[in-house]
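A.B. asks: The following block contains the structure, expressed as structure tokens.
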Amino acid sequence: MQPAILFYAIPFFVLLLSVEAWFSYKENKDLYEKKDTWSSLALGIGNVLTGFITKALIFGLFTVIYEYRLFTLDASTWWFWILLFFADDFSYYWFHRTSHHVNWFWASHVVHHSSQRYNLAAALRQTWTGNATGSFLFWAWMPLVGFHPILILFMQQISLIYQFWIHTETIGKMPRIIEFIFNTPSHHRVHHGSDLKYLDKNHAGILIIWDRLFGTFQKEEERPNYGLTRNVNTFNPVAVAFSEWKHLYKKMTGTHSAKDAFKYLIKPPGWSHDGTSKTAREMITEYNRLHPDNPIH
């Protein structure tokens, strides 16, 4: 069905993770915590297992869409692979950005941000529900314009493999030209920060140019505080995987308005019908009102 290069990469992920953990121990850097690491690994395994079913269904759907394609793109040409790369990375940016601004998608994506550590183990902390709840929709245009489903899934795996290495504090800033074009550990540390100035920034997959173009770029300044503005406070992988869905259900059933209940699905994380919690934008607006001489943009 699809080239499983991601599975071949897993042993290298574990090896690099082990090296980083050893380095952290030797240098007393406290990058790893045992329960947190095991939770990340369990979530990664769960993602792989659920992926056997969901990826097969997505492949089937993309194959149906491909039958109605508007064009037939020739994979034997050099420009096809450039188009494929940019199309996938562009789709990833908008999927990732939407996942931070729409509760329905955030409920799955929040899993990846749930660790208060930033290390290679956190890269493996992946959702169990993302594929089943529609993340694939952001790539559904690609088979329609002529990209073969197998190659779409192949490029998605390339992107995920690339993103593994940027989940580290052991690498500082890269040369300026690399930092300008590519997503790097420095850029992605910002993305995982829970500080107001870092919220909802740097949604890049491989190329940071999308954030620069669409106004979501933030350079790394002080070291981020990792995790969430409302942390899950558990290492139980099942609880982590479904905690935000449980929270969302509780919020939806806590209002007697069907309209407000629906808004909880489409509004940003933190939105509430009664003002008991705030979105990132609302928190930043409040901060700027109190600190007009040092605003956050």
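A.B. asks: Give I58, I82 a once-over and let me know the one that is more than 18 Å from the chain's Cα centre (by Cα) and under 30 Å from P268 (Cβ atoms).
C.D. replies: Result: I58 is the single residue among I58, I82 that is more than 18 Å from the chain's Cα centre (by Cα) and under 30 Å from P268 (Cβ atoms).
A.B. asks: Restricting to segment 61-76, and then to whatever is surrounded by 14 or more Cβ atoms within 10 Å (Cβ to Cβ) and under 13 Å from L151 (Cα atoms), can you tell me which residue is nearest to the chain's Cα centre (by Cα)?
C.D. replies: Among them, the one singled out is F62.
A.B. asks: With respect to F80, is the statement that it is touching a residue at least 24 places away in the same chain (Cβ under 8 Å) and surrounded by fewer than 17 Cβ atoms within 10 Å (Cβ to Cβ) true?
C.D. replies: Against the criterion (touching a residue at least 24 places away in the same chain (Cβ under 8 Å) and surrounded by fewer than 17 Cβ atoms within 10 Å (Cβ to Cβ)), F80 does not qualify.
A.B. asks: Step by step: first the residues of segment 158-213, then only those that are part of a loop (DSSP other than H, G, I, E, B) and of a type in the set (G, A, S), then the one that is modelled with the lowest pLDDT. Which residue is that?
C.D. replies: Among residues in segment 158-213 that are part of a loop (DSSP other than H, G, I, E, B) and of a type in the set (G, A, S), the one modelled with the lowest pLDDT is G172.
The rows are residues; the columns are (1) crowded, with 19+ Cβ neighbours inside 10 Å; (2) among the acidic types (D, E); (3) closer than 26 Å to L49 by Cβ.
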{"site": "W141", "(1), (2), (3)": "no, no, no"}
{"site": "G146", "(1), (2), (3)": "no, no, no"}
{"site": "P149", "(1), (2), (3)": "yes, no, yes"}
{"site": "I166", "(1), (2), (3)": "yes, no, yes"}
{"site": "K197", "(1), (2), (3)": "no, no, no"}
{"site": "H203", "(1), (2), (3)": "yes, no, no"}
{"site": "E220", "(1), (2), (3)": "yes, yes, no"}
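A.B. asks: Which of the residues belonging to segment 286-297 are in a helix (DSSP H, G or I) and exposed (fewer than 14 other Cβ atoms within 10 Å of the Cβ)?
C.D. replies: E286, R289, L290
A.B. asks: If you take the residues of segment 20-39 that are more than 24 Å from the chain's Cα centre (by Cα) and in a helix (DSSP H, G or I), which of them is surrounded by the fewest Cβ atoms within 10 Å (Cβ to Cβ)?
C.D. replies: K26
A.B. asks: Within segment 278-293, count every residue that is among the polar types (S, T, N, Q) and touching a residue at least 12 places away in the same chain (Cβ under 8 Å).
C.D. replies: 1
A.B. asks: Within segment 264-290, how many residues are closer than 11 Å to V102 by Cβ and aliphatic (A, V, I, L, M)?
C.D. replies: Matching residues across segment 264-290 total 2.
A.B. asks: Consider V190 against the criteria (1) in contact with a Ser or Thr (Cβ under 9 Å, 6 or more places away or on another chain); (2) surrounded by 17 or more Cβ atoms within 10 Å (Cβ to Cβ): it satisfies all of them except one. Which criterion is unmet?
C.D. replies: Against the list (1) in contact with a Ser or Thr (Cβ under 9 Å, 6 or more places away or on another chain); (2) surrounded by 17 or more Cβ atoms within 10 Å (Cβ to Cβ), V190 comes up short only on (1).
A.B. asks: Quick check on segment 66-75. Is at least one of its residues hydroxyl-bearing (S, T, Y), over 30 Å from K267 (Cα atoms) and without any contact (Cβ under 8 Å) to a residue 12 or more places away in the chain?
C.D. replies: no
A.B. asks: Here's another thing I want to ask about it. Which of the residues spanning segment 239-280 are assigned to a loop (DSSP other than H, G, I, E, B) and closer than 26 Å to D36 by Cβ?
C.D. replies: Once the filter is applied, which keeps residues that are assigned to a loop (DSSP other than H, G, I, E, B) and closer than 26 Å to D36 by Cβ, segment 239-280 yields P269, G270, S277.
A.B. asks: Follow-up. Do we find that T234 is assigned to a loop (DSSP other than H, G, I, E, B), over 17 Å from F105 (Cα atoms) and at pLDDT 95 or above in this structure?
C.D. replies: Spelling it out, T234 is indeed assigned to a loop (DSSP other than H, G, I, E, B), over 17 Å from F105 (Cα atoms) and at pLDDT 95 or above.
The values are calculated or read from the model by the stated rules, or taken from the named source; none is laboratory data. For clarity, every value in this text was computed on a predicted model and none was experimentally measured. Cβ: placed from backbone, ideal geometry, glycine included. Neighbour counts: every protein chain shown.
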